[in-house]
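What follows is a single structure, written as structure tokens, with notes after it.
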Amino acid sequence: MKRSNLSDHSPETLLKRIAELEAQVESLEKSESPSNQEIQKNHQSWLEHVLLEIPVPIYMVNPLSGRYVFGNKAMDELLGRHIPAQEDRSSIAGELVAFEEGTGRKMTLDEYPSSRAIRGEKVEDFKFLWRIRNRDYHVSTTACMIQEKYGNPKTVLVVVKDISEQVLLLKQIEISQNAAIEGHEQLQGFFMQSNIPMVILDGPDHHFILANPPYEKFIGRKAMGKTVAEVFDGGEAEIYKPILDKVYETGESFIGKELPIDLVDENCCLQNYFINIDYHAFKDKHGNTKGILAIVIDVSEQVKARKLIENSTNTLLIEKAKLDALVAESPSAIGLMKGKDLIFEVANNKWQELVSLGREYIGKSYSEIYPELIDTDAIRSIQHTFATGETFTANEMKLLVKSKLGILEDQYFDYTNVRILDSNGAPYGVFCYAHNVTNRVRNRIEIEENRKFLAITVENLEHERELRERFVLALTHDLRTPITALKMSAQLLSRKADDPNFVRTISKRIISSVDRADQMIRDLLDANRIKAGEKLPLQIKQTNMFEVIEETLAGLNVIHEDRFNLSSENKLIVGYWDKDSVQRVIENLASNAIKYGTDTKKVSVKLLKRDDTVEISIHNEGNPISLSEQQDIFNPFRRTSSAISGGQVGWGVGLTLVKGLVESHGGSVTVSSSSSQGTTFQVKLPEDSRKYHE
Amino acid sequence: MNRNKIVLVVEDDIIIRENLRDALEMEGYKVFTAANGKEGLEKLKLIPQPALVLLDMMMPVMNGREFLDVILADHMLAAIPVIIVSADIDESKKVGSKAYLKKPVDLDLLLQWVSRYAK
């Protein structure tokens, strides 16, 4: 048996300890961590369980209302009924009547331990007689105020100890003492029948002159006729004998609370017990101490239950601290949502950074916090995990969420939902481990887009390079044609210089070839201007369109042997245009019609005036131009695929030039082509182009 | 008509075509002309078989290469010597021809080559 601090194990300490635990629970409830709350709820339920089951009557009173808050089973048993919460004490006062110990005076409600505790008094071992349903109980009460974190009264806790048997015993002893004649027999009878372990020790050596069966059973050995030193030869006597000596010498009683003692039980196993001991000196008629009455109450269960609470509390607090640290420091965002409504209990720092700062999480539901995610796979996946227990993992799930800037945007998340169960195995909530991978996904998308863009750019560059190569090829070929003609003409001239007609013919050819070369260079420069988005310089004057076209076709007919057929309703179609430009447009379109059309068929040129617009249509029969080529045909340096594969002449600036010239006049040029209808280029010019070219 | 003096000129540019006609006629050749390959093939059906064809490559409707392929495949025409006169720098197209003269061609050189096949 070890020496211990007796005051530390008193019922008062138990009360204080319970009060402290209450206060701890309350402060933890108020703490912000939801996992704390979780643990605290566990604590509270533990505490309530222990309070409810502890075989000591306990009740609680609300200090403000004076109404009952709680009473445990032992209390119910004592009262003979269950007092529901909120019942007023005064109504119970009719059933319970308290009398002052000794005087037998009826106590007022104000004198009750709960009232005294409400007033802030310290109530310890307050003894009185309690008459409950015509039965008297001697009780010792301890009451205290349990305060909240901030010092506000919360509840009054009252612990009741039924000491009827001890009091009766003491009374019996007194009666016995006073009677002095009743003798041992009666006392012994009482002793032996009592179920409370008790002994009577005689003389300064503390001889066991009476030890009842419960006592001997409790200590596991025979004691009658022996001294304390003889019975407790294992060292326990060293603790108890000095106390007994003092009681014997001074005549003052000793009460020990929750003293530890190791005893061998029926199965020869060493057991730890906690006992309350009352040592009462009893005296002879001369006032000299004759012996000591010792009463032992086994309080092991209560103490063990309390220690269990303390230990489990400590363990839980340590576990909770570990969990808190783990959750707080986790590189993943961790959120715990409770119940099917997904109320947030945990949202660590990373979680709060997950989408956007400034949202309140704890105690709010998922759909309250993320209204933008209602009816999305994000919430459905969590609900599914909660309902089925299936772990769900999402990779780069795209969600439209409110960003840190407060705007809705697509963000990407990796996350895993895991269901957790409560201690009864019922679904408790869903743990979600998440990563915001928006930057990663965006970077990848950007890289992919860049790569695609790069590929397209490379392709375009390749295509452009191809076009340029082909253009240079066509340019050199086409420029060589008038140069070849010039060289040949010059060589021919010397061979027949004496024939004036021949010289004239050759001169015309030389001039024509030089004009062609010059025209090519001009076309090339103008096409470049058009490509650069510049307007072509025009000299707009009053012009007769019919005359211009007629002249142009006449010039071409010299070379192409009367291949054109011009038709017009009117030979006088006057408007404002640049004559030179109109000639170039007609030359280009008409030459193309000859070049690409069927050589046996005439090229028809129609001129038509409609309101304030002049329409010129140039039609040839022959191979059609495909639709895709029609769309591309006016772009610079493009020639139709048939023209390219056919190894045909021209570098593809003609139609670009036509379009540029027509548009400079505020007009338009279109093409339609089919195998049955042949190919028609239609030019529309406003009657007066001056306002389009200022 | 002396078949050995007949030359067919297939050339889309009218001035070059006419220059060639004048130059050859001055040398005593009988000259027929065509503005493209298709016309050239049609001409071959109408005229006595020429001693030589002078052929341009880049022409509309039917180019020189296509023209050459057709006559090479025709056993009646395959034997006609063909001299290419072209600005096309792609010499891979000259297969099946007797010579490849690059524009701007020297008239004397051209006539030398012609005289080799048309006597």
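Positive contributions from Lys and Arg (+1) and negative ones from Asp and Glu (-1), summed over other residues with Cβ under 11 Å from the Cβ of residue A:427, come out at +2.
In what sequence do A:49, A:665 fall when counting other Cβ within 10 Å, fewest first? Don't jump to the answer; show the numbers that get you there.
Values: A:49 12, A:665 27.
In increasing order of surrounding Cβ atoms, one gets A:49, A:665.
Taking the Cα centre as origin and putting +1 on Lys and Arg beta-carbons and -1 on Asp and Glu beta-carbons, what dipole magnitude results for chain A, to the nearest 20 debye? Numbers along the way, then the final one.
Details: 85 positive and 101 negative charges, 669 e Å.
Charge dipole of chain A: 3220 debye, to the nearest 20.
Under 23 Å of direct C-alpha separation, and excluding same-chain neighbours fewer than eight residues apart, residue A:452 reaches these lysines: A:398. Note on the protein assembly as shown: semi-axes of the ellipsoid equivalent to its C-alpha gyration tensor, largest first and rounded to whole Å, are 132, 30, 18. For residue A:271, the residues whose amide H sits under 5 Å from its own are A:263, A:264, A:265, ignoring neighbours fewer than 5 places away on the same chain, with H placed 1.01 Å from N.
Projecting the Cα atoms of A:597, A:533, A:545 onto the dipole axis of segment A:525-613, where Lys and Arg carry +1 and Asp and Glu carry -1 at the beta carbon, places A:533 farthest toward the positive end. Placing dummy labels 7 Å off each Cα toward the beta-carbon, the span from residue A:635 to residue A:101 is 11.0 nm. Among B:33, A:385, A:600, the ranking by other beta carbons within 10 Å of each residue's beta carbon, starting with the fewest, stands as A:600, B:33, A:385.
Projecting label points 7 angstrom from Cα along Cα→Cβ for residue B:74 and residue A:469 puts them 3.5 nm apart.
Between residue A:267 and residue A:376, full extension at 0.36 nm per residue minus the direct alpha carbon distance yields a gain of 32.7 nm. What's the FRET efficiency of residue A:525 with residue A:325 using the Cβ-Cβ distance as r and R₀ = 60 Å, to the nearest 0.05? Using R0 = 60 Å, I get an efficiency of 0.15.
Go ahead and run the numbers for FRET between residue A:615 and residue A:457, Cβ-Cβ distance against an R0 of 45 Å, rounding to 0.05.
Efficiency, from the Cβ-Cβ distance: 0.65.
From its DSSP helices (H runs of at least four residues, each -39,500 (n - 2.57)), the protein assembly as shown gives a residue-normalised ellipticity at 222 nm of -14000 deg cm²/dmol.
Scalar couplings 3J(HN,Hα) for segment B:23-34, obtained by applying the Karplus form with A = 6.51, B = -1.76, C = 1.60 to θ = phi - 60°, are 4, 5, 5, 4, 8, x, 8, 9, 10, 10, 10, 9 Hz; x denotes Gly and Pro.
Using the Karplus relation 6.51 cos²θ - 1.76 cosθ + 1.60 with θ = phi - 60°, the per-residue 3J(HN,Hα) values for segment A:453-468 come to 4, 4, 4, 5, 4, 4, 4, 4, 5, 4, 4, 5, 4, 4, 4, 5 Hz, with x marking Gly and Pro. Charged neighbours of residue A:612, selected by a Cβ distance under 12 Å, balance to 0 (K, R count +1; D, E count -1). For residue A:299, the residues 5 or more places off, or on other chains, whose built amide H falls under 5 Å of its own are A:274, A:275, A:276.
Using 29 Å as the Cα-Cα cut-off, could you pick out the over-long pairs in A:127/A:246; B:38/B:102; A:154/A:364; A:579/A:606; A:106/A:307; A:601/B:98?
Too far apart for the 29 Å limit: A:106/A:307; A:601/B:98.
Considering only B:46, B:95, B:79, the residue lying farthest towards the positive end of the dipole of chain B is B:79, judged by Cα position with unit charges set on Cβ.
Exposure proxy shown here: for A:432, A:144, the number of other Cβ atoms within 10 Å sets the order, fewest to most, as A:144, A:432. Determine the sum of side-chain charges near residue A:551: Lys and Arg each +1, Asp and Glu each -1, restricted to other residues whose C-beta is under 13 angstrom from that of residue A:551. Here the count lands on -1.
Between the Cα long axis of helix A:579-596 and the first principal axis of chain A there is an angle of about 90°, rounded to the nearest 10.
Think of chain A as having a plus end and a minus end, set by charges on the Cβ of Lys, Arg, Asp and Glu; of A:300, A:158, A:489, A:489 sits farthest toward the positive end of this dipole.
The separation of segment B:74-103 from segment A:548-570, counted between C-alpha centres, amounts to 35 Å.
Coordinate-derived values only; no laboratory data. Only a predicted model underlies this, so the values are computations on that prediction, with no experimental measurement involved. Methodologically, a virtual Cβ is constructed for each residue, glycine included, from the backbone with ideal geometry; neighbour enumeration extends over all protein chains shown.
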